[in-house]
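Have a look at the structure below, then the notes.
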Amino acid sequence: MTMNGPSIQLCPSITRNHAYALVDWLRDDEVRQYLTESQDVSADIERILSTVVLPDLSCFFNQNGRFFMITTDDHEPVGFVRLAAKNNETEIVITIGDKNNWGKGLGPCAIRKSMETAFFEMRSEKVIAKIHKDNQRAKRAFENAGFSLEDNASAFHTFSISMDRYLEIIRTHSAAATVSDNASLEDNDTELYLSENDWQKLKQITDYEWHVPEPFEPYIEELEAEINKAFVIEPEQLPDNVVSMNSKALVEYDGAEIEVALVYPEEADWSASKLSVLTPLGTAIIGSREGDVIKKELQSGYAEIQIKEILYQPEAAGDYHL
């Protein structure tokens, strides 16, 4: 599995434009709903802006730890990270303030970059995150990054990860990447394969960074289990006999042959043979190959699914934008 994600940076230099963005975000009840900060924080930042003429305001934000703006490659601010160190522990607070960038996987990517900073630059032995009990999206994102629940006795649940656990995750992902690069894909009959593009979008779903229509929500964990065991490779390297997102395939399902197009949940339309990846059949065939036979446990018992033929695959057709 890849550890890549959306391209963002943690910018340590806090400009006046960054500060104005912070004021706007911290005034927004929807952005601030799970934070401990009150509206007084935005007023404090405004006072700094009105009394200090310096172009760089970093010193005012780093008094109780390290503070970073989360920025895109175009240097546009989209959120912030605060790292507060105490003894050998560092607490992470991450907020994506730009609501236009919600659901794009920026939060999980910021978590990974913050962990690198906390462990390798700040030499922390343990990193913690205190997350509001109702913030399911954030809890899931930190759990997927390797954090474990440490305490749930209050309104804010504490998640943590040790340096040893973090290094173990890095070694595991590095080993998986090496296997993915070196394995003979055509000769391996047991693995699932995903393109880098599909993996990133599907991870946004399983990290709850993507709005999912309610009928499909029960299948998120099942999808997560599938993509967690897949090899992730560049779209150009994906074999043309693999079912990728937006592929069309002839499938034998429970004794009947059906033609389906595998799509994201919001595009699902069974009357047009558009099958959501968040269904038992969708999660069964994603990453599988032509000729594979899959046994799927359903409420009614086991069903046998066979990929009879790949009728269309975006990667094989050069349609990498899909």
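How long is the gain from Asn17 to His132 if the chain were fully straight, where each residue apart is worth 0.36 nm and the alpha carbon distance is subtracted?
Taking 0.36 nm per residue and subtracting the Cα distance, the gain is 38.5 nm.
Below 12 angstrom from the Cβ of Gly318, what's the summed charge of the other residues (Lys, Arg +1; Asp, Glu -1)?
The answer is -4.
Let me spell out the model: positive unit charges on the Cβ of Lys and Arg, negative unit charges on the Cβ of Asp and Glu, origin at the Cα centre of the range 187-317. What dipole size does that give, in debye rounded to 20?
Dipole about the Cα centre, nearest 20: 160 debye.
What number, in percent, do you get for the relative contact order of the range 8-168 if the mean sequence gap of Cα pairs under 8 Å and at least 6 apart is divided by its residue count?
19 percent
Multiplying the sequence separation of Leu322 and Arg112 by 0.36 nm and subtracting their Cα-Cα distance, what value in nm do you get?
Once the chain is fully extended between Leu322 and Arg112, it gains 72.9 nm.
What does the charge dipole of the chain about its Cα centre add up to, to the nearest 20 debye, if the Cβ of each Lys and Arg holds +1 and the Cβ of each Asp and Glu holds -1?
Taking the Cα centre of the chain as origin, the dipole is about 1440 debye.
Please give the helix 106-116 orientation as an angle from the longest Cα principal axis of the chain, in degrees from 0 to 90, rounded to the nearest 10.
70 degrees
Ratio of Rg to Rh for the range 8-168, alpha carbon only, Kirkwood?
0.95
Roughly how many nanometres apart are two label points built 7 Å out from the Cα toward the Cβ at Glu121 and Gln63?
2.1 nm
So, counting K/R as plus one and D/E as minus one, what does the shell of residues with Cβ under 10 Å around Arg66 add up to?
Charge balance in the 10 Å sphere: 0.
Would you mind working out the magnitude of the charge dipole of the range 52-115 relative to its Cα centre, with +1 at each Lys and Arg C-beta and -1 at each Asp and Glu C-beta, to the nearest 20 Debye?
240 debye
Which of Lys295, Lys274 comes first, and how do the rest follow, when ranked by fewest Cβ neighbours within 10 Å?
Lys295, Lys274
Provide, in order from the shortest bin, the percent of all Cα-Cα pairs of the chain in each 10 Å bin, continuing until the bin that contains the maximum pair distance.
5, 23, 29, 22, 14, 5, 1, 0
Mind checking which of Pro218, Pro280, Pro239 has the largest fluctuation in a GNM of the chain, springs on alpha carbons under 10 Å?
Pro218
When the chain is modelled as a GNM with alpha-carbon springs shorter than 10 Å, which of Tyr208, Tyr166, Tyr302 fluctuates the most?
Of Tyr208, Tyr166, Tyr302, the most mobile in the Gaussian network model is Tyr302.
Can you list the HN-Hα couplings for the range 150-166, worked out from phi with the Karplus curve (6.51, -1.76, 1.60; θ = phi - 60°), rounded to whole Hz and with x for Gly and Pro?
10, 7, 10, 7, 10, 5, 10, 7, 9, 10, 8, 8, 8, 4, 4, 5, 4
On a full-extension model of 0.36 nm per residue, what is the gain between Asp73 and Glu234, subtracting their alpha-carbon distance, rounded to one decimal in nm?
Fully extending the segment from Asp73 to Glu234 adds 55.8 nm.
As a check on your grasp of the helix formula, calculate [θ] at 222 nm for the chain: sum -39500 (n - 2.57) over DSSP H runs of n ≥ 4, divide by the residue count, round to the nearest 500.
Calculated from helices alone, the mean residue ellipticity at 222 nm is -9000 deg cm²/dmol.
Longer than 25 Å from Cα to Cα, which of Lys248/Lys296; Lys104/Lys308; Lys229/Lys308; Lys86/Lys139; Lys139/Lys248 are they? Say none if no pair is.
Beyond 25 Å between Cα atoms: Lys104/Lys308; Lys139/Lys248.
Please list, in order along the range 13-27, the HN-Hα scalar couplings obtained from phi with the Karplus expression 6.51 cos²θ - 1.76 cosθ + 1.60 (θ = phi - 60°), rounded to whole Hz, x for Gly and Pro.
Once rounded to whole Hz, the list reads 8, 9, 8, 5, 5, 4, 5, 5, 5, 4, 4, 4, 5, 6, 8.
Between 0 and 90 degrees, rounded to the nearest ten: what's the tilt of helix 40-51 against the longest Cα principal axis of the chain?
Its long axis makes an angle of about 60 degrees.
Treat the count of other C-beta atoms within 10 Å as a stand-in for reagent exposure and order Asp44, Asp29 from fewest to most.
Asp29, Asp44
Hey, how much of the P(r) for the range 187-317 falls beyond 22 Å, as a percent of Cα pairs?
Across the range 187-317, Cα pairs with separations above 22 Å total 30 percent.
List the relative contact order of the chain as a percent without decimals, with contacts defined as Cα pairs under 8 Å and 6+ residues apart.
13 percent
Throughout, read-outs are computed from the coordinates displayed, never taken from laboratory work. Predicted model, so just to flag it, every value in this text is computed and none were measured. In this analysis, Cβ positions are derived from the backbone assuming ideal geometry, glycine residues included, and neighbour counts consider all displayed protein chains.
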